[in-house]
């Protein structure tokens, strides 16, 4: 009987200890634009300080070889609401050679508000906890999260998110 009481006591306390673990992703706890460091295609580190002020910001987690990611970027580059008045950050964990090929394929040099880089510290993976790509996080001019999506987003949803 004594062993049974000890077993249930240990079971109770271990269950209580595990129930205290917070599984809320960091982007939901703090909705401000996160501090980050990325390495661009020329191996130069940059942070959120390079972003143009008083603009919406979109962070897109992607893989340069992912067809859905390429289609998503292609759609966004056709929207003047993004190319003219939004900071677009493209973040990946892939090698710089793949980033450079992607950069050249989409002629990203033509878009001064598009920033592409390698997440060398794997920060965004822990911050957004993606289940699939692309991941899109929209921040308003006050750098507050207004929209988050895992997977591709249609034009209508993008335009609505930019208005928030």
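Things to note:
For every residue, the table says whether it meets (1) within 17 Å of residue 143 (Cβ to Cβ); (2) out of contact with any strand residue (DSSP E or B) (no Cβ under 7 Å at 6 or more places or on another chain); (3) modelled with pLDDT of 95 or more; (4) exposed (fewer than 11 other Cβ atoms within 10 Å of the Cβ).
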residue: 25; (1), (2), (3), (4): no, yes, no, no
residue: 28; (1), (2), (3), (4): yes, yes, no, no
residue: 33; (1), (2), (3), (4): yes, no, yes, no
residue: 42; (1), (2), (3), (4): no, yes, no, yes
residue: 53; (1), (2), (3), (4): yes, yes, no, yes
residue: 59; (1), (2), (3), (4): yes, no, yes, no
residue: 63; (1), (2), (3), (4): no, no, yes, no
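- Filter result for residue 162 (modelled with pLDDT under 95, in contact with a strand residue (DSSP E or B) (Cβ under 6 Å, 6 or more places away or on another chain) and surrounded by 15 or more Cβ atoms within 10 Å (Cβ to Cβ)): yes
- Only listed residue being exposed (fewer than 13 other Cβ atoms within 10 Å of the Cβ) and closer than 20 Å to residue 32 by Cβ, chosen from 110, 74, 142, 97: 142
- Scoring residue 56 on the criteria (1) touching a residue at least 24 places away in the same chain (Cβ under 8 Å); (2) within 19 Å of residue 131 (Cβ to Cβ) leaves a single failure, condition (2).
- The range 144-164, residues that are within 14 Å of the chain's Cα centre (by Cα) and closer than 22 Å to residue 51 by Cα: 144, 145, 146, 147, 148, 149
- Residue match in the range 110-120 (condition: without any contact (Cβ under 8 Å) to a residue 24 or more places away in the chain and more than 17 Å from the chain's Cα centre (by Cα)): yes
- Residue in the range 76-99 that is over 20 Å from residue 45 (Cβ atoms), touching a residue at least 60 places away in the same chain (Cβ under 8 Å), assigned to a helix (DSSP H, G or I) and within 12 Å of the chain's Cα centre (by Cα) present: no
The values are calculated or read from the model by the stated rules, or taken from the named source; none is laboratory data. The structure displayed is predicted, hence computed values, not measured ones. Virtual Cβ from ideal backbone geometry, glycine too; neighbours counted across all protein chains shown.
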